[in-house]
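Everything on this sheet refers to the single structure shown next.
The values are calculated or read from the model by the stated rules, or taken from the named source; none is laboratory data. Keep in mind it's a predicted model, so treat the numbers as computed, not measured. We place every Cβ from the backbone using ideal geometry, glycine too, and count neighbours over all the protein chains shown. When the accessible area is computed, the model is the full protein with side chains, heavy atoms only, and any ligands, DNA or RNA have been set aside. Shrake-Rupley method; radii C 1.70, N 1.55, O 1.52, S 1.80 Å.
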Amino acid sequence: MKPRVATVWLGGCSGCHMSFLDMDERLIELADKIELVYSPIADVKEFPQNVDVTLVEGAVTNVENEAFAHRIRQNSRCVISFGDCATTGNVTAMRNRFSTDEIMHRAYVELADGDPTIPSDFVTIAKLRDQARPLHEFIKVDVFLHGCPPTADEIWFTINELLQGRMPVLPNAYLRYG
Amino acid sequence: MAIVTLTINDEHLSGNDSDSILEIARQHKIHIPTLCHLDGLSEVGACRLCLVEVEGSSKLVSACATKPVEGMVIRTTTERLQRHRRTIIELLASEGNHQCAVCVVNEHCELQNLAYEVGLQYVRVPYLYPRKELDASHKDFIIDRNRCILCTRCVRVCHEVEGAHVWDIAHRGIHCEIVTGLDDPWGASEACTACGKCVLVCPVGALIEKGTTVAEMEKKRDFLKYIVTARQKREWIDIHEEG
Ligand code: SF4
Ligand code: SF4
Ligand code: SF4
Ligand code: FES
């Protein structure tokens, strides 16, 4: 059976996923080797059981992210912090100096076109946590991919190591913030 | 000045007793990581990255601020030291707000380089995300306290080399901050000559030039060496006196 791989997008800009797609023709090779069981680029509603590797982009910035993080951990054998926002909070955490009220006001009133309304039912959008924080402060993380975003080579290296049954030990050349 | 013999990492060496352990190590191409130290400025021993072990003592000493003693046996790379160095970098990273991806000195930053040197995969202590202010009131420069690691290089270069003494540290403990004058806006400082020395010696993206953007600023620190050498040789003073 092919290894079951998932990718998740929490509080990030999708840049890490773009870098994933930057693996270009290597994606075709990858498609033969893995089964992509959950991803923003695949149409799957529920995060499945029994996942081998999950790459998590973004910081934990709202209550939904937090609950999701725990589900990911429960259902995945290996969890990877995918990029600087997942690893340090990075740009997502720059909002931590403001209160959530200030942020909601900025986004939904000051910058609104037309009728400014602050969403309050938290159905269309999830409720913000007080602060955006790195993934490993919530769940155990097995591997850290650095960079904003990590390079396609780094992602390729990591996935390949995992496919060959090794826990990836990233060479120092890949250790790079920013 | 006398010559002393000592051992660093099993290598037998000699050096001047007026030089620091750090200087002697460097003369013999032994690398010890540093952050607050900068050739040409006084030593404060503030960052503790250069800690080394001395045989016969359970206390760790800072290589930059400690002079050698005859027969000293020193180790610079033990597991304990590596553990401490990683912890120091983790504390520095967690006490400020560092977003390398949008930082002016990205890829030219001493804190980043040290994080790579200690193999910092992630920070184990909780990030504090403190609320720090940025001051852009100076006509040429900006201080962004989010990136400041309190090495005091700016304080020392401004006082010791430029002679203006614009900078100081205010408050205590975790609340320490670099301030201009009596915590006035930098732009209002009458003492500042706008020489830019503080900006050049700052190891991180806390003191920066206006108009630089992400990853653009690479700081050249060579000037310090020339000023210090010229002073030691009394070059300027002699010219002045003759004139
Ligand atoms: S000062 Fe250095 S470590 Fe801090 S954000 Fe800038 S590049 Fe990163
Ligand atoms: S620019 Fe020169 S005088 Fe002004 S604060 Fe910096 S070192 Fe001091
Ligand atoms: S502003 Fe720069 S040079 Fe001054 S203490 Fe902070 S990090 Fe050091
Ligand atoms: S370099 Fe020695 S204590 Fe900072």
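Starting from segment B:124-137, keep only residues that are in a loop (DSSP other than H, G, I, E, B), then list their pairs with residues that are open to solvent by 100 Å² or more (accessible area, probe 1.4 Å) and of a type outside the set (S, T, N, Q) whose Cβ atoms are within a distance under 9 Å, requiring at least 6 positions of separation or different chains.
B:130/B:175
Pairs, please: C-beta under 6 Å, at least 6 apart or cross-chain, first residue within 14 Å of chain A (Cβ to nearest Cβ) and in segment B:146-162, second within 8 Å of ligand 3 (Cβ to nearest atom)?
B:147/B:204; B:147/B:206
With (1) within 19 Å of residue B:178 (Cβ to Cβ); (2) within 12 Å of another protein chain (Cβ to nearest Cβ); (3) open to solvent by 20 Å² or more (accessible area, probe 1.4 Å); (4) in a helix (DSSP H, G or I) as the list, and residue B:111 as the residue in question, which single condition is left unmet?
The number of the failed condition is (3).
Here's a check for you: in segment B:209-231, which residue that is more than 14 Å from chain A (Cβ to nearest Cβ) and open to solvent by less than 50 Å² (accessible area, probe 1.4 Å) is modelled with the lowest pLDDT?
B:230
Which condition number does residue A:121 fail, the rest of (1) part of a loop (DSSP other than H, G, I, E, B); (2) among the acidic types (Asp, Glu); (3) within 14 Å of chain B (Cβ to nearest Cβ) being met?
For residue A:121, the exception is condition (3).
Which one of these does residue B:76 not meet: (1) within 16 Å of ligand 4 (Cβ to nearest atom); (2) closer than 26 Å to residue B:158 by Cβ?
The single condition residue B:76 does not satisfy is (2).
Considering only residues of segment A:56-73 that are of a type outside the set (A, V, I, L, M, F, W, C) and closer than 12 Å to residue A:141 by Cα, which is farthest from the other protein chains (Cβ to nearest Cβ)?
A:70
Based on what the data block shows, is residue B:198 under 19 Å from the mean Cα position of the chain (by Cα), within 11 Å of ligand 3 (Cβ to nearest atom), hydrophobic (A, V, I, L, M, F, W, C) and open to solvent by 20 Å² or more (accessible area, probe 1.4 Å)?
Taking the combined requirement at face value, the residue does not satisfy it.
Which of the residues that make up segment B:38-59 are open to solvent by less than 30 Å² (accessible area, probe 1.4 Å) and in contact with a strand residue (DSSP E or B) (Cβ under 9 Å, 6 or more places away or on another chain)?
If the condition is that a residue be open to solvent by less than 30 Å² (accessible area, probe 1.4 Å) and in contact with a strand residue (DSSP E or B) (Cβ under 9 Å, 6 or more places away or on another chain), then B:45, B:47, B:49, B:50, B:51, B:52, B:54 are the ones that fit.
I'd like the full set of residues that are away from ligand 3 (no atom under 14 Å from the Cβ), open to solvent by less than 50 Å² (accessible area, probe 1.4 Å) and touching a strand residue (DSSP E or B) at 6+ places or on another chain (Cβ under 7 Å), limited to segment B:162-195.
If the condition is that a residue be away from ligand 3 (no atom under 14 Å from the Cβ), open to solvent by less than 50 Å² (accessible area, probe 1.4 Å) and touching a strand residue (DSSP E or B) at 6+ places or on another chain (Cβ under 7 Å), then B:189 is the only one that fits.
Can you work out which of the residues in segment A:143-178 that are within 15 Å of residue A:54 (Cβ to Cβ) and assigned to a helix (DSSP H, G or I) is farthest from the other protein chains (Cβ to nearest Cβ)?
In this case the residue turns out to be A:163.
Please specify each residue of segment A:85-110 satisfying the condition of being over 21 Å from the mean Cα position of the chain (by Cα) and either closer than 27 Å to residue A:144 by Cβ or not charged (D, E, K, R) (or both).
A:97, A:98, A:99, A:100, A:103, A:104, A:105, A:107, A:108, A:109
Search segment B:114-123 for residues being free of Cβ contacts under 8 Å to residues at least 60 places away in the same chain and open to solvent by less than 30 Å² (accessible area, probe 1.4 Å), and hand back the single one that is nearest to ligand 4 (Cβ to nearest atom).
By that ranking, first place goes to B:115.
With the condition kept exactly as written, say whether any residue in segment B:64-73 is more than 13 Å from chain A (Cβ to nearest Cβ) and in a helix (DSSP H, G or I).
yes
In this structure, is residue B:34 assigned to a loop (DSSP other than H, G, I, E, B), within 16 Å of ligand 3 (Cβ to nearest atom) and away from chain A (no Cβ under 14 Å)?
In short, yes.
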